[in-house]
Ligand SMILES: Cc1ncc(C[n+]2csc(CCOP(=O)(O)OP(=O)(O)O)c2C)c(N)n1
Ligand code: SF4
């Protein structure tokens, strides 16, 4: 266990707080993902990002829906709530409003976030709570054994699309950019360093931050999207000279979803909007002040 770094009792001054490592965030529960699943890499990147941020586990809450990827909360020592399929975002917003000091991270799959839960995404974005939303986008329903998901490519054959999917996939990057998310990034577990850095940046961003992680499903996913293939085809936005403050350019690049595997920060609002939680707090403070005399 870590030593608390707050001075509630005045016993441990902040300067004496030990640096956190990934181990401090790893729970005793052993992940049961298939060997080779991309979600292992996502979990490792998350541990590292949290260690770099330095907030102790009891100041963090993970909220997820249902799916293989939604098991994440159980694998951390932070507070965790494995909720209902597609409902992680509203529950996470409730948690953040009730306890604004908590660092809240939402995690789940592309099915959870863009199919059954797709209607919650725009509303979370327009409220702008200080949350980080991590989608492990494997372009398939993993937990229920390989049905098409909202991000499956056209032509994907599966038990629910035996002749190949006849629908255009949802583009998660364009979706959240269009609704005004302040921070939008995409990573892959094949680039652990880049992924860790962008998760850390997303968590530090004041407002709704979205990270789409193309996390391969080794059992039911497209063979073209497995780790080795990703490594060979990824293109880092930073190396391409992309300016992440340019939202229009970010939207142009986001249109390449499914064709070009861009990784890095697509968009970071240089003037972040006020968060929902900070506005609520300001209102509460105002209402607690005594009315003017006279
Ligand atoms: C209300 C409801 N509908 C359907 C399901 C069945 N179900 C569980 S997980 C899942 C989809 C999983 O896919 P995804 O969210 O992409 O996560 P992954 O398993 O790929 O990580 C479905 C349809 C459910 N648990 N609850
Ligand atoms: S079914 Fe796919 S997403 Fe689920 S644990 Fe296995 S590899 Fe990972």
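The values are calculated or read from the model by the stated rules, or taken from the named source; none is laboratory data. Small disclaimer: the values here were computed from a predicted structure and weren't measured. Here Cβ is always computed from backbone atoms with ideal geometry, including for glycine, and neighbour counts include all displayed protein chains.
When the residues of segment 72-107 are filtered to those that are touching a helix residue (DSSP H, G or I) at 6+ places or on another chain (Cβ under 8 Å) and within 16 Å of ligand 2 (Cβ to nearest atom), which remaining residue is farthest from residue 119 (Cα to Cα)?
75
Looking at segment 17-36, I want the residues that are under 14 Å from residue 217 (Cβ atoms) and have a partner that is at pLDDT 95 or above and within 16 Å of ligand 1 (Cβ to nearest atom) with Cβ atoms under 7 Å, at least 6 apart or on another chain. Which pairs are those?
33/39; 33/40; 33/68; 34/218; 34/219; 36/218
Taking only segment 186-242 into account, find how many residues are more than 16 Å from ligand 2 (Cβ to nearest atom), in contact (Cβ under 8 Å) with a residue 40 or more places away in the chain and not in a helix (DSSP H, G or I).
Of the residues in that region, 12 qualify.
List the strands (runs of 3 or more DSSP E) inside segment 56-154, counting only whole elements, that have at least 1 residues being under 30 Å from residue 271 (Cα atoms) and within 16 Å of ligand 1 (Cβ to nearest atom).
Passing ranges, in order: 60-64, 103-109, 131-136.
Can you name the residue in segment 93-144 that is touching a strand residue (DSSP E or B) at 6+ places or on another chain (Cβ under 7 Å) and surrounded by fewer than 22 Cβ atoms within 10 Å (Cβ to Cβ) and is also nearest to residue 39 (Cα to Cα) among such residues?
103
What about residue 158, is it touching a strand residue (DSSP E or B) at 6+ places or on another chain (Cβ under 6 Å), over 24 Å from residue 50 (Cβ atoms) and surrounded by fewer than 18 Cβ atoms within 10 Å (Cβ to Cβ)?
yes
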